[in-house]
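We did not get these values from a lab; they are worked out from the coordinates using the rules stated. Everything numeric here is computed off the predicted structure, so don't read it as measured data. Here the Cβ positions follow ideal geometry from the backbone for every residue, glycine too, while neighbour counts run over all protein chains shown.
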Amino acid sequence: MINGTKSNNKSSVRKPIALVVALIASSSVVSVTLSGASTSGSSSYDASANASCQPLQVFGASGPLASPLTASDSELKAAGYPPRPVENVSALAGWEHAMNSVKNFTTPQPVCGSTTHALVNSNIWAGHVVNNSDFGGVHFTSSESIWTQPSVSGNSGYSNYLFAPAASFWTGIGVSSLIQAGADSIATGTPQYRFWTEDYPADTIWEGPVIRPGNQAYVYVEYIGSYQANYFLENVTTGEAQAFTNAATYVGYNAANFINERMGSYYLPNFGSTTMSSNGFGSSSTNWSLTSTNDKVTMIASCGTVMSQPAGVSTDSHFALNWYSSSPTC
């Protein structure tokens, strides 16, 4: 997406631009530009050898670990589990809860969609963004979050979940190149709820365990080098998870994102309020908690109406996202 407009045409050309976010300070809107949105801090390569959306490696064939909370780092890695975020108390609590809830690994059944969850301005994003320039320019390589998937009302005018209004929730790293994963509440005739991963500007890959409204989602994204990323998607409520490695054609290091997104030119379905918690992000050696010092992004319609807005980040890294308005044009 560029400037709040989504293209569903796979042949369309999207060019990287700076990510513009809006900060709500008192009653005024202040626009700022995150640094690092150029080719500095990101890279790409010819994706022709990895054109398929099939995972490069799938974990979990032998089932979940019997004792993930006491497993060694090497045991966790071999089984496809996210690493233990030992430096981050709030993320560690969420990690322990999610890992201890895994009952079963399901096999990814990817659908290569034409939807994209990606480059934005404040017209389609709300949430919190961390700029790596605040951390000495360190390359961010991972992010994680937990939330309860909200329900939305169905809309009989839409039957295909690839082309329908959605309230999307996700975490990821990067700006103009973006590795991300999340789950959408989609306003088709009968509402649909689906996990996905994406390596923007490539298209969304729809995969992950079954998720329903009221279920708790846990998402972990990690760039592991050699143009590959690890993903861990879990329905914590049911204990079903998927862990796999996929090609990361476009590699971004310069921001960590915790976001509610409106899909392109569609309206934003009323999701009420949901809270993203255990929000963490890291480099190859350190994991940090989301704090109140990051950039706060509010989704604002073209006429200035607030559509979705995050609350401030609490001391244990969680924050609420609140829906206010559906229409992007008023």
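Against the compact-protein benchmark of 2.2 N^0.38 Å, the Cα-based radius of gyration of region 264-330 scales to 1.32.
Among VAL130, VAL89, VAL306, VAL297, rank each residue by its count of other Cβ atoms within 10 Å, from fewest to most, as a rough exposure measure. Could the numbers behind the result be given before it?
Numbers: VAL130 24, VAL89 13, VAL306 18, VAL297 28.
Lowest to highest Cβ neighbour count: VAL89, VAL306, VAL130, VAL297.
Stretched out straight at 0.36 nm per residue, the stretch from VAL86 to SER314 would grow longer than its current Cα-Cα span by 80.1 nm.
Between THR286 and SER265, the C-beta separation translates, for a Förster distance of 35 Å, into a calculated FRET efficiency of about 0.35.
Put a dot 7 Å past the Cα of THR293, heading toward its Cβ, do the same for VAL210, and the two dots end up 4.5 nm apart. Computed extension length for GLN54-SER74: 4.7 nm, one decimal, from 0.36 nm per residue of separation with the Cα-Cα distance subtracted. Could you please state, rounded to a whole Å, how far the C-alpha centre of region 155-201 is from the C-alpha centre of region 231-297? What the calculation gives is 12 Å, centre to centre. What percent of all Cα-Cα pairs in region 194-330 falls in each 5 Å bin, counting up from 0? Calculated P(r), rounded to whole percents: 2, 8, 15, 18, 21, 20, 11, 4, 1, 0.
Nearest 0.05, what FRET efficiency do SER133 and CYS330 give at R0 = 30 Å with Cβ-Cβ as r? Each step should come with its number before you reach the end.
Numbers: r = 34 Å, r/R0 = 1.14.
With R0 = 30 Å, the Cβ-Cβ based efficiency is 0.30.
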